[in-house]
C-alpha cells in the first residue's frame, strides 16, 4: 500500500495539479460549468416534452387514450407548452456552442490577466461567425423523370445567401467552437500584451478607453480568422467546422463509444479517488471531449423525431455506474443494512442514506472510510466498471435499454435518473435498477469481510 | 474545533493552516487521515470555510479530495 501511495504522490498528484491548473483545460471546464444552467434548462424542457407532453411520449400516449384529453387538452398543449419547451431547448442546447465559446474565451482571458474579459469573449464569438459560410446550398427538387417505372426527382442544388447552417452551431461544432475560443483569445491577449493598443487621453471615460484599447487586437484577430476562413472555404472547399469535426471530433467520439475507453477512464478515476486524489480532475477533460458531443448529438436527434445514435454518453457513468455517488456507494449502504454487524458501520449507513439517495457520498467516503481502506478498495474501484460493462452490453449489444439522450441534475436519485435521461424508457430504468441491485450484491462479501476486521479501538 | 479528513498532503495542510496568523492550530491527528484543528475564530462554520478556501487556493489544494466537518 505504501508503494502505491508513494506512486500516487509522485505521479498522479502532480498530474492532477497540472491538469487542474492548465489554463486551457481550466477555461474549457469553467466555460462548460458556466453554461450548465442553460444546458440544464434546455435538457429539462426537452425531457418534459418527450416524456410527458408529446402525444407519442410515455405519459402523453397513456393520457391520449382518454378521449377528453385527446380532444381538448392535447391540442392546447401542442399549441402552447410544447412549442415553448421546444424554443427553450433550441436556445439552451440547440445553439449552445455560442454561449460555450463566449464562456470559454471569457474564462481564458481572465486567466491570462485580461481586465476586460468581456471583449475577448465577444471577439471569440464573432470570430466563430467569421469562420461560418455566408450561404448554404440546398437540394431543391428538379425535373421529375421516370426510371424503370419509378418517378425520381433530379437533384438540383441552389445556393442561398444569408443562411447559416445549424451544423455550425450544433453538436458537430463543439470542437470547432472550443478551438476558436482558445486560439482567438490567446491571439487577442498576445496582441494586447505586445502593446498593440490605442491609448486614449486621461479625460476619456474608462469604458470608452477600454473599448478603444481593444480596437487593434480585435481587428487583427478578425482579419487573421477571416483569412483562415477563406482558406478553408476556397482552398479546402469546406468550412473550418466541417474539417475540425471530421479530423478531430468524430474520431474521438468514435473512440469513446468503445466500452474499454469508458471503463479505463472510470477505473482510473476510482483508483485515484481511493488514494484521496480528485480523480475526475484527470479524466473529466477526456470524458467531456469524447462524450459531450455524443450526448448533444443524441438530444438533437430526438428533438428532430429521430432515434439517438450513441450508446455511451457522459451521464452513462452516473446512471449505471455511480448509484449514490462515486464507487456506487448506495449499494454499499444497502449491503451494510443487510449484512453489516458493526454498530459504527450501521450508524454511518443510516446517516449516509439520505445524502446517498441524492448522489452525495462524502459521509461514507470519509466516515467508513472508503479512502485508503484495503478491504473496500476492490469493490470501490471495480463495482462501477462491472455495472458499466453490463449496462453497455444491454444497451449497445442486446438492445434492451434505450439510449440516454437527456438528463436532470447530477443529484437526481439513481434509477429515476435513468428514467429521465432515457426520456422515460422502461428498459433503461429496469437496467439501472438491475445494476443497482448488482452493486449491492457485489459489496455484500466485502461488508461480511469488514465485519470480521477489528477496528483500532477494538484491538 | 473542526476536523479535516484528507489522506493526502497532510503536512502541507498543517503547515499552511498554522501559518494563518494563529487562527488555526492542530490539536491532534486521529487515524490515517483525520486532523483536528482548534480555531481562535468565534464562528466555527466560518473558520472551517476559511480553512477550506485557504487549502483550495493552493495549486495542490484543488487536486486533493478532502472534507471538513465542524465539531
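The values are calculated or read from the model by the stated rules, or taken from the named source; none is laboratory data. A quick note: this is a predicted structure, and the numbers were derived from the prediction, not measured. Here the Cβ positions follow ideal geometry from the backbone for every residue, glycine too, while neighbour counts run over all protein chains shown.
Tell me, please, whether a residue that is over 9 Å from the mean Cα position of the chain (by Cα), surrounded by 13 or more Cβ atoms within 10 Å (Cβ to Cβ), over 30 Å from residue A:11 (Cβ atoms) and more than 11 Å from chain A (Cβ to nearest Cβ) can be found in region B:59-70.
For region B:59-70, residues over 9 Å from the mean Cα position of the chain (by Cα), surrounded by 13 or more Cβ atoms within 10 Å (Cβ to Cβ), over 30 Å from residue A:11 (Cβ atoms) and more than 11 Å from chain A (Cβ to nearest Cβ): present.
For residue A:309, only one of the following conditions fails: (1) assigned to a helix (DSSP H, G or I); (2) more than 14 Å from chain B (Cβ to nearest Cβ). What is its number?
Single failed check for residue A:309: (1).
Out of A:119, A:98, report the one residue that is under 30 Å from residue A:313 (Cα atoms), part of a helix (DSSP H, G or I) and either at pLDDT below 85 or in contact with a helix residue (DSSP H, G or I) (Cβ under 8 Å, 6 or more places away or on another chain) (or both). Give the derivation first.
On the way: A:119 fails: under 30 Å from residue A:313 (Cα atoms).
From the options A:119, A:98, the qualifying one is A:98.
Please find, within region A:357-379, the residue that is nearest to the chain's Cα centre (by Cα) out of those that are within 13 Å of chain B (Cβ to nearest Cβ) and in a helix (DSSP H, G or I).
In the first step, residues of region A:357-379 are kept if they are within 13 Å of chain B (Cβ to nearest Cβ); the result is A:360-374, A:377.
With the extra rule that they be in a helix (DSSP H, G or I), the set shrinks to A:362-367, A:374, A:377.
Working: A:362: 23, A:363: 27, A:364: 26, A:365: 25, A:366: 28, A:367: 30, A:374: 33, A:377: 28 Å.
Of everything passing the filter in region A:357-379, A:362 is nearest to the chain's Cα centre (by Cα).
Of all residues in region A:335-356, count the ones that are in a helix (DSSP H, G or I), touching a residue at least 60 places away in the same chain (Cβ under 8 Å) and either within 14 Å of chain B (Cβ to nearest Cβ) or surrounded by fewer than 24 Cβ atoms within 10 Å (Cβ to Cβ) (or both).
Here the count works out to 4.
Quick one: which of A:67, A:16, A:45 is away from chain B (no Cβ under 14 Å) and either within 23 Å of the chain's Cα centre (by Cα) or under 30 Å from residue B:8 (Cβ atoms) (or both)?
Every option except A:45 fails the conditions.
Which one of these does residue A:257 not meet: (1) crowded, with 20+ Cβ neighbours inside 10 Å; (2) touching a residue at least 40 places away in the same chain (Cβ under 8 Å); (3) more than 14 Å from chain B (Cβ to nearest Cβ)?
Result: residue A:257 passes all but (1).
On the given criteria, is residue A:420 at pLDDT below 95 and surrounded by 15 or more Cβ atoms within 10 Å (Cβ to Cβ)?
yes
Going through A:242, A:230, A:225 one at a time, which residue ends up being in a helix (DSSP H, G or I) and loosely packed, with under 14 Cβ neighbours inside 10 Å? First the steps, then the outcome.
On the way: A:242 fails: loosely packed, with under 14 Cβ neighbours inside 10 Å; A:225 fails: loosely packed, with under 14 Cβ neighbours inside 10 Å.
Checking each option against the conditions leaves just A:230.
Kindly indicate whether any position in region A:196-216 is in a helix (DSSP H, G or I) and crowded, with 20+ Cβ neighbours inside 10 Å. Steps first, please.
So in region A:196-216, the residues in a helix (DSSP H, G or I) come out as A:206-213, A:215-216.
Then keep just the ones that are crowded, with 20+ Cβ neighbours inside 10 Å; that gives none.
Looking for residues that are in a helix (DSSP H, G or I) and crowded, with 20+ Cβ neighbours inside 10 Å, one finds none in region A:196-216, hence no.
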